[in-house]
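Contents: one structure, followed by commentary.
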Amino acid sequence: MPTKTIKQTLEYRFPEWFITTEKLFNEVTAFYFGIIKERAQILELTNKKALTELERLTHSTKDNPAPPFPLKWDIPAMFRRACINTAIGAARSFFSKLKKWKDAKAKAEAKEKKLKYRPPVPPREWQRNTLFYAGQYKGYTGKSIMLKLFDGNTWRWVKYHLTGRRVQDGWKIGCPHAVIKKNRLELHFPVEKEKPVVKAVAEQVKEPSLKICAVGLNISNRLAVCGIFKSDGTQVATRFIRGGDSLSGRRKRLLGIIATKLSLTGSLNKDEQDNKALRNRIHNIDDNEAHRVSRRILDFALEHGATIIVFEYLNNFKPEQGKFSRRASSKRSYWLLGRIFHYTKYKAWEYGIIISRVNPRNTSRLCADCGAEIARHSDNKEYYRSGAPLFTCKCGKKGSVALNAVRNIGKRLFLRYAV
C-alpha cells in the first residue's frame, strides 16, 4: 500500500506548550520502555495485546485498583496509548538489533574471532515527536485543526490554522506527529491509499500490449534519457531531461567556497562539521533536482502508458581524482543518480508501476541493433574519441550514444524473461 507524509505548518502560537507536551510524551514513553525491558515477554504478544497488558500493569481502574507499576502522571487515555505504542515500537527495534548482535557474536566466537562492533544500547535520551491519536486532535479540515496540549498544569484544546500541502482525494489520513523546529511548528500526517493490482514483471512481458520506459542516468547535462518501448522492441517515444551542467556549476561554486574556507580555518575537532550551512545548501539543491528528474521520468511513463520503468544498476562508481571541488562534485553526482532511482521507485509505486534494473555492462559500448562494438565520435566524423556523445556502428547504425544505451537497457529486460 503506497504511503507518504504530508507536512503542514501550524501558526506559531504557544510553542512552549508543544515543548512541554513533547517532554511529557518522552517521559511517559521512557517509563513504558523500562517496563518492557523488565518484562520482555510482553513483546511476544501482538501490539494490541501488548498495549492491553501494559495498561493493566500501570493504569488504575475499578477492576484493577492496584497495578504493579502505577503511573505518576495524570494523562488522557489516548495520550497514554500513543506513548505505549511508541515504546513498543522502540522496544521491538532494540531487541531485534540486540538479537542480531548476539547471533553475530556467537558466530564469531564459533570461528574463534572477536566481534568488532559493540552491542546496541537502549535510548539514552528520548527525543520522539509527540504522536496525536484521535481524541488528542479533532476538527481537521486541511485548513485548521484543534490539538490537545499540556501547558504544564492542565490540558487545553487549542485551534490552529494550517498552511502547506493538502491531502489529495483518495488518500487515508493517519495520526499526525508534531515537529518542533527553531521558529516553526509542523504537523506531519502519514497518508496511504489502495494501490492498483500489479502483475509481476515476468507476467507483464508476455502481454503484447506492454509498454516499458527504459531510463539511462548520466552525470552529464542530460541527467536522464528515457525511451518508451513496446514488447516487440519498437521505440515509441524519447525524452531528454537536461539540467546537469547548471546543477554541476552551482554545486562546484559552493564547493569552491567551502574549499577556500577550509584553507583558512585550519584543523577542526573530530566530530565537528565544517561549513554546515553551505553543505546543507548543496544537499538541498541536489535533493530538489533528484525530485524534479524523478517526477519527469514518472510523468513521461504515465503519459505513454508504461507499466514498467527500467534502470541500470549503478552502484560501483568512484569519484574523480583532482581538486576538492572536483572530487566532491563527482561524488555528489553519483549520489544524485541513486536518489533519482529511489525517488522514482516510491513515486511510481503509487500508480502501480514496477521498477526493475538490469546489468549496465557495455550498454554504452555495444550497438543495440547488431551487438557489435561502436565507435564514438563528436560532430566531426573524422575525429574519434572515448566518451563522445555520438556513435557509428559498422552495421550502418548511427546516432546518440545515450539513446543507444537506453535501447540496450530496454532490450535486456525483455531478454531476461525471454522463453
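The values are calculated or read from the model by the stated rules, or taken from the named source; none is laboratory data. Because the structure is a prediction, the values reported are computed rather than measured. Here Cβ is always computed from backbone atoms with ideal geometry, including for glycine, and neighbour counts include all displayed protein chains. Note: accessible area is taken over every heavy atom of the protein model, side chains too, but ligands, DNA and RNA are not part of it. Shrake-Rupley method; radii C 1.70, N 1.55, O 1.52, S 1.80 Å.
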If one compares the long axis through the Cα atoms of helix 77-110 with the longest principal axis of the Cα atoms of the chain, the angle in degrees, nearest 10, works out at 60 degrees
Less than 13 Å Cβ to Cβ from Phe341, Lys/Arg counted +1 and Asp/Glu -1: what total charge do the surrounding residues give? +3
Solvent-accessible heavy-atom area per residue, rounded to whole Å², over segment 108-259 at 1.4 Å: 59 Å²
Two pseudo-spin positions, 7 Å from Cα along C-beta at Glu125 and at Tyr12, lie apart in nanometres by 2.3 nm
FRET E, pair Leu302, Arg184, Förster distance 45 Å, beta-carbon r, rounded to 0.05: 0.85
Cα-projected label distance for Val158 with Ala110, points at 7 Å along beta-carbon direction, nm: 5.6 nm
Does segment 84-222 come out rounded, prolate or oblate, given a ≥ b ≥ c as the square roots of the eigenvalues of its C-alpha gyration tensor, rounded meaning a/c under 1.5 and, failing that, prolate meaning a/b above b/c? oblate
At a Förster radius of 45 Å, what calculated FRET efficiency corresponds to the Cβ-Cβ distance of Lys72 and Lys199, to the nearest 0.05? 0.20
Tilt, helix 15-38 to longest principal axis of the chain (alpha-carbon atoms), in degrees rounded to tens, equals 80 degrees
Ignoring ligands, DNA and RNA, what accessible area per residue does segment 1-106 give at 1.4 Å, in Å²? 55 Å²
Given [x] -0.40, -0.53, -0.69, -1.25; [y] -0.29, -0.40, -0.51, -1.20; [z] -0.25, -0.34, -0.44, -1.11 as candidate values of log10 I(q)/I(0) by the Debye sum over Cα atoms at q = 0.06, 0.07, 0.08, 0.13 Å⁻¹, which corresponds to the one derived from the coordinates? [x]
Output wanted: per-residue J couplings in Hz (rounded whole) for segment 128-143, from phi through Karplus 6.51 cos²θ - 1.76 cosθ + 1.60, θ = phi - 60°, x for Gly and Pro. 7, 6, 4, 9, 9, 7, 4, x, 9, 9, 7, x, 6, 10, x, 10
Dipole of segment 201-306, positive end: most advanced residue of Gly256, His304, Ile282 [Cβ charges, Cα centre]: Gly256
Compute the Cα gyration tensor for segment 157-309, then decide on rounded, prolate or oblate, letting a ≥ b ≥ c be the square roots of its eigenvalues: rounded whenever a/c is under 1.5, prolate when a/b is larger than b/c in the other cases, and oblate in all that remain. oblate
Could you give the nm distance between label points at Glu44 and Ala375, where each point is 7 Å from its Cα heading toward the beta carbon? 7.5 nm
In degrees from 0 to 90, rounded to the nearest 10, what is the angle of the helix 244-265 Cα long axis to the longest principal axis of the chain? 60 degrees
Between Thr20 and Asn362, 0.36 nm times their residue separation minus their Cα-Cα distance comes to what? 117.2 nm
So how do 208-221, 185-198 stack up, highest first, on mean other-Cβ count within 10 Å? 208-221, 185-198
Report the local net charge at Glu109: Lys and Arg +1, Asp and Glu -1, summed over other residues whose C-beta lies under 12 Å from its C-beta. +4
Are there cysteines in the chain with no other Cys C-beta under 4.7 Å, and if so, which? Cys83, Cys175, Cys213, Cys226
Sulfur and carbon atoms: percent of accessible area, the chain [1.4 Å]: 49 percent
When the chain is modelled as a GNM with alpha-carbon springs shorter than 10 Å, which of Arg80, Arg251, Arg184 fluctuates the most? Arg184
Apply the a/c threshold of 1.5 to the C-alpha gyration tensor of segment 1-125 and tell me whether it is rounded, prolate or oblate. oblate
Among Lys7/Lys193; Lys97/Lys276; Lys345/Lys411; Lys206/Lys394; Lys7/Lys159; Lys48/Lys97, the pairs whose Cα-Cα distance exceeds 24 Å are Lys97/Lys276; Lys206/Lys394
Using the Cα centre as the reference, give the magnitude of the dipole from point charges on the C-beta atoms of the chain (Lys, Arg: +1; Asp, Glu: -1; all else neutral), rounded to the nearest 20 debye. 1040 debye
